[in-house]
Amino acid sequence: MTTNNVIVSARQALWDPDEIGEPEITGMLGRLSAKDIDTGELFFQLLRHEAWGLEDGKVKSGAYSVDRGVGVRAISGEKTGFAYADNIALPALSEATEAARSIARTGHGSRTGVLTGTTAAVRYADVDPIASAPEDAKVALLHRIDTLARSLDPRVSEVVVRVSLDCEVNLVVTTDGLMSGDSRPMARFDVMVLAEQNGRRERGSSGGGGRFDTGWLFNTDAADEYAREAVRMALVNLDAVDAPAGAMPVVLGPGWPGVLLHEAVGHGLEGDFNRKGTSAFAGRMGEVVASELCTVIDDATLADRRGSLSVDDEGTPGQHTTLIENGVLVGYMQDKHNARLMGAKSTGNGRRQSYAYLPMPRMTNTFLRPGASEPDDIIASVDKGVYAVSFGGGQVDITSGKFVFSATEAYLIEGGKVGPAIRGATLIGNGPEVMQRVSMVGNDFKLDGGVGICGKDGQTVPVGVGQPTLKIDEITVGGTGAGATS
Amino acid sequence: MKPVAPQPAPTDPAALAASLKDMATRILDEAKRQGATAAEVAAGDSSGLVVSVRKGELETVEFTNDRGFGITVYVGDRKGNASTSDAGPNAIRDTVRAALNIARYTEGDPCNGLADASLMARRIPDLDLHHPWDIDVPRATERAVETEAAGLAYDNRIVNSEGARVATARGCQVYGNSHGFLEAAWGTRHSTSCLMIAADANGMQPEDWYTVSRDPTDLENHVEVGREAARRAVGRLGCRPVNTGTYPVMFAAPVAAGLVSHLLSAISGRALYRRESYLLDSLGRQAASEDITLREEPHRPKGLASAGYDGDGVETRAKTFIDGGVVASYILDSYSARRLGMTTTGNAGGYFNLDVVADTRPVEELVNAMGTGLLVTNLMGQGVNLVTGDYSRGAGGVWIADGEPRHPVDEVTIAANLDDVYKGIVGCGDDIDRRGNIHTGSLLVREMTVAN
């Protein structure tokens, strides 16, 4: 399968309602062209979204939205002109085109010609998650999960369940005459519970999803598992003790704790920061930036994953890019603009929140390759430390390299054994330093469940992470506990 | 540069408001026609210009233009929402239909519905929020270049830049509902920002600074914005480790607003009725130091968060949420108020200009008084759990020893329970930061765990 047939259906969805065809588009590309415009593009997009939420035992909220528009970009050297319109009719398209090309100092070019469709292998099915199940089935599912979560333990006091479904169709045409398109489904299911015991309340949450329709919710026991997992986490946290404070060994569990890679190295290896020399990793290509146990990959080609892309938002096929190989920095993630300025090639990481935003180099699915250690041996190697298995999110200062991520489920390790649960604590470290302190990497590789959202410069995009169990010899744990030593 | 680009259109705000009101009326009529028993609509139209420069050269010119509307329909006590950016001829019909379709499958909730008609705002004050900035791309570029240049020239340890940005936006928002309430609010917002990077042998440190206002003449001198970013970046060089332990922690004014926001979240209706707050049933109870009062001033002229009515059309009014540390009022919209058996406080959409009112003292005096501890100027991460009050975030700042600033600190965490943090506020600085929705000076907290 390739994206060829997607282009046909995308043109129908995006151009036909306004009776726009290839002559109008090539005409617009001609207006976008000028002697000093290196490249330009029109990005057409239709976004549909539906969400249902249950709280207090009732499905009280539901929402549907449609957003359809076009973003126009012109690039001249390091300069970018950008404008967008929330409708695709010719006057709006024309106005946006003139605005975007206003960075040009020369008059209109004269390009004519035809558009050439470019294709890529598809990484997910062309399905519509919103239409894949009737409304009453979605509502009934939320109720079933609410009932299940409440039945699992009498201490469960509140349950919030949410299903969120997206359907995106886009089409990119460039001044080179290339045209590509993508149809991207996205489904996500979340369960959040509160458990109460002796006046103490704690939260647990779980969820997952990916680029597919609602079949996984109705044909597997995935939703039941999310409910069980959320309840389990809340109950664990009811007994949590204060987290320790200070620098100590930390073992991270497999899967979602891979947010470590996303923050500690991922952002710092995006092309824009390295072109500008503002990343802590800038100018370090070929150097050792992590322990030799670390091989870090960004991979848009994984089937059906939340961060996967058949083609990126600039029409470049999604790729498998090695960022760090056995500890050595070997690759950056690039969009077209930064790649061109750095004399490199786009790695298919050009992404944008929507037509109303400029594309930037962004991660897709970022993960650490498995190692040889048994997870039990990794824990057994720690005398006193922390074992963290779930996180609420993280943040990085790309320039200094410091990053944080906040544990939502973690345990003390005492004498090589997993001990009591600890209250949520933030871990903080410096990316290049912490990655050099990765001393054991497990053989239990796992991808996350499909809930990641990445923010950069005011734009959010869905991403995936993954890793096996791993050990960091020393990182600062931000607890309040008696373990604090002055 | 050729003047071919449309400038942010010098649209007559009254004409824009009239056309949005006309659309809102048609949407409400259509909702009624299709069977909604009540409906409310929000419609907006905003446009703007953002110019970024880096290393003295124009980097991006962005023309923003956002339109769209969202509708909430009620069928009895069932509810549905739909929204679109589409302005096509069928958009209203289709969007209303989508909202009604949602309402067909949601379940009834007696707390649903419009706010009571008697609460609708009647006299909307003129809040003086509309001050267009007559600035074109060349002049915005020049201003951004000067901002950045001032930062780059400030100190030879400034080695790089993420550039400077000049932005201007104007917009009109209309809210109407089937009580017959229909009002428009228009306003402008302008800013200049800069991010400088300082470096020494130990690596790079970035810092930014910005100025924002409704009226371009109220913006801080842009050259000072560049210099302040540089001053802050250079001030972060020479970080040294500190010993893990419990110390006084002062939140510098720009980060103190974030600290205060968690307290406001914990007394907000949604967190309360979902029992996701550590401050359940806290009305009349002590939630902060008795030195602290939190007051909302929704009608402040030129205020960045000023509003004459809230997202339900309910009249906004000045009020006190925390009075001498005691919870005097929750922050409620009409839905959360009904859920809690209370009356809306006119806060659908949040709070509108929040002042931390306290006996302020010069910051230097607070630093002298704190003995040995951490002055926090940067915070990172999401380690705030409102259900339990557990707070643990990444921080950077300045180490204070014996009441004197000693050296910058980086890569530490600060942690405590929020209940102890707010009750342990022992001082408020006179350095009020007025750039956000929350206006506060620096806040000194008696004790938190600092880990390094």
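The values are calculated or read from the model by the stated rules, or taken from the named source; none is laboratory data. Everything numeric here is computed off the predicted structure, so don't read it as measured data. Every residue, glycine as well, gets a Cβ built from its backbone with ideal geometry; the counts of neighbours run over all protein chains shown. Each accessible area value is taken on the protein alone, full model and side chains, heavy atoms only, with ligands, DNA and RNA left out. Shrake-Rupley method; radii C 1.70, N 1.55, O 1.52, S 1.80 Å.
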For this session: Determine, for each peptide in A:468-474, A:13-19, A:446-452, the mean count of other beta carbons within 10 angstrom over its residues, then list the peptides with the highest first.
Result: A:468-474, A:446-452, A:13-19
Seminar exercise, completed: Of every hundred units of 1.4 Å-probe accessible area on the range A:4-238, the number belonging to carbon and sulfur atoms, as a percent, is 50 percent
Seminar exercise, completed: Scalar couplings 3J(HN,Hα) for the range A:73-78 by Karplus 6.51 cos²θ - 1.76 cosθ + 1.60 (θ = phi - 60°), nearest whole Hz, x for Gly and Pro, are 10, 10, 10, 10, x, 8
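Assuming 0.36 nm per residue, please report the length gained on full extension of the stretch A:Glu374 to A:Val114 beyond their Cα-Cα distance.
This chain segment gains 87.9 nm when fully extended.
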Seminar exercise, completed: Losing no less than 10 Å² of accessible area (probe 1.4 Å) relative to the isolated chain, the residues of the range B:229-252 are B:Asn243, B:Thr244, B:Gly245
Seminar exercise, completed: Membrane-span-like helices (DSSP H runs, Cα span along own axis at least 15 Å, mean Kyte-Doolittle at least -1.0) in chain B -> B:13-33, B:91-105, B:137-152, B:222-234, B:253-266
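When the expected Rg is taken as 2.2 N^0.38 Å, what fraction or multiple of it is the alpha-carbon Rg of the range B:245-451? If you can, show how the numbers build up before the last one.
On the way: Rg = 17.0 Å, N = 207, 2.2 N^0.38 = 16.7 Å.
Against the empirical 2.2 N^0.38 Å value, I get 1.02 for the range B:245-451.
Kindly rank B:287-295, A:95-103 from highest to lowest mean number of other beta carbons found within 10 Å of each residue. Walk me through the numbers on the way to the answer.
Working: B:287-295: 20.3, A:95-103: 23.6.
Peptide ranking by packing, descending: A:95-103, B:287-295.
When Cβ neighbours within 10 Å are restricted to other protein chains, what is their mean count per residue of peptide A:461-469?
0
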Exercise. Ignoring ligands, DNA and RNA, how do A:His262, B:His299, A:His49 rank by accessible area with a 1.4 Å probe, largest first?
Worked result: B:His299, A:His49, A:His262
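In Å², what does the accessible area per residue of the range B:284-385 work out to with a 1.4 Å probe? All intermediate terms of the calculation are to be shown ahead of the outcome.
Working: 3770 Å² over 102 residues.
In whole numbers, the range B:284-385 has 37 Å² accessible per residue.
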Problem set entry | For the range B:13-233, convex hull of alpha carbons as volume per residue, Å³ | 168 Å³
Problem set entry | Crossing angle, helix A:22-32 versus chain A [Cα axis fit, 0-90 degrees, rounded to tens] | 80 degrees
Exercise. How far apart, in nm, are two points set 7 Å out from the Cα along the Cα-to-Cβ line at A:Glu196 and at A:Val8?
Worked result: 5.9 nm
For this session: Using a 1.4 angstrom probe on heavy atoms only, work out the carbon and sulfur share of the accessible area of the range B:335-452 in %.
Result: 46 percent
For this session: Sketch the reach of a paramagnetic label on B:Asp359 as a point 7 Å from Cα along Cα-to-Cβ, and name the residues of the range B:410-452 whose backbone nitrogen lies under 16 Å away.
Result: B:425-430, B:444
Exercise. What is the distance, in nm, between label points placed 7 Å from the Cα along the Cα-to-Cβ direction at A:Ala125 and at B:Arg285?
Worked result: 5.1 nm
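Kindly report the accessible area of the range B:136-189 per residue (heavy atoms of protein chains, probe 1.4 Å, no ligands, DNA or RNA), in Å².
42 Å²
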For this session: Anything losing 50 Å² or more of accessible area from the isolated chain to the full protein assembly: pick those residues out of the range A:399-444, probe 1.4 Å, ligands and DNA/RNA ignored.
Result: A:Thr399, A:Lys402, A:Thr426, A:Ile428
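Return the Rg/Rh value of the range A:245-478, two decimal places, where both radii are evaluated on C-alpha atoms and Rh is the Kirkwood radius. Mind dumping the intermediate values first?
Details: Rg = 17.0 Å, Rh = 17.5 Å.
Ratio of gyration radius to Kirkwood radius for the range A:245-478: 0.97.
Checking the a/c ratio against 1.5 first, then a/b against b/c, what shape does the Cα gyration tensor give for chain B?
On the way: a/c = 2.27, a/b = 1.29, b/c = 1.76.
It comes out oblate by the Cα gyration axes.
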Problem set entry | Acute angle (nearest 10 degrees) that the helix A:222-238 long axis makes with the longest principal axis of chain A, alpha-carbon atoms | 50 degrees
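Just the number please: accessible area per residue for chain A, 1.4 Å probe, all protein chains included, in Å².
Values: 15910 Å² over 486 residues.
Roughly 33 Å² per residue, with all protein chains present.
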For this session: Quick one: order B:Arg67, B:Arg143 from most to least accessible surface, probe 1.4 Å.
Result: B:Arg67, B:Arg143
Seminar exercise, completed: Averaged over residues of A:128-140, the number of beta carbons from other chains lying within 10 Å of each residue's Cβ is 1
Exercise. Given the range A:4-238, what whole percent of its Cα pairs are spread farther than 31 Å?
Worked result: 42 percent
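What's the average, rounded to a whole number, of partner chain beta-carbon atoms within 10 Å of each residue's beta-carbon in A:95-106?
Working: counts 4, 3, 0, 5, 10, 4, 3, 9, 7, 3, 2, 1.
Mean partner shielding for this stretch: 4.
For the range A:245-478, what % of the accessible area comes from carbon and sulfur atoms, probe 1.4 Å?
With neighbouring chains kept in place, the figure for the range A:245-478 is 49 percent.
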For this session: Sum -39500 (n - 2.57) across every DSSP H segment of at least 4 residues in chain B, then divide by the residue count to get the 222 nm mean residue ellipticity, nearest 500.
Result: -7000 deg cm²/dmol
Exercise. Taking the Cα atoms of the protein assembly as shown, what is the range of coordinates along each of the three principal axes, in descending order and whole Å?
Worked result: 72, 68, 61
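For the pair A and B, how large is the buried accessible area, both sides, in square angstrom to the nearest 100, if the probe is 1.4 Å?
Working: alone 19070 and 20640 Å², together 33330 Å².
In total, this chain pair buries about 6400 Å².
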Exercise. In the range B:25-56, which residues become less accessible by 40 Å² or more once every protein chain is in place, relative to the chain on its own, using a 1.4 Å probe?
Worked result: B:Arg54
Seminar exercise, completed: Scalar couplings 3J(HN,Hα) for the range A:131-144 by Karplus 6.51 cos²θ - 1.76 cosθ + 1.60 (θ = phi - 60°), nearest whole Hz, x for Gly and Pro, are 7, 6, 8, x, 4, 5, 5, 5, 4, 5, 5, 4, 5, 4
For this session: Within 10 Å, count the other beta carbons around each residue, average over each peptide in B:255-263, A:399-407, and list them highest first.
Result: A:399-407, B:255-263
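Checking the a/c ratio against 1.5 first, then a/b against b/c, what shape does the Cα gyration tensor give for chain A?
Numbers: a/c = 2.45, a/b = 1.44, b/c = 1.70.
Because a/c hits 1.5 or more and a/b fails to exceed b/c, chain A counts as oblate.
Which pairs in the list A:Lys35/B:Lys55; A:Lys456/B:Lys319; A:Lys417/A:Lys446 are over 32 Å apart, alpha-carbon to alpha-carbon? Please report the intermediate quantities before stating the final value.
On the way: A:Lys35/B:Lys55 24 Å; A:Lys456/B:Lys319 36 Å; A:Lys417/A:Lys446 22 Å.
A:Lys456/B:Lys319, as the Cα separations exceed 32 Å there.
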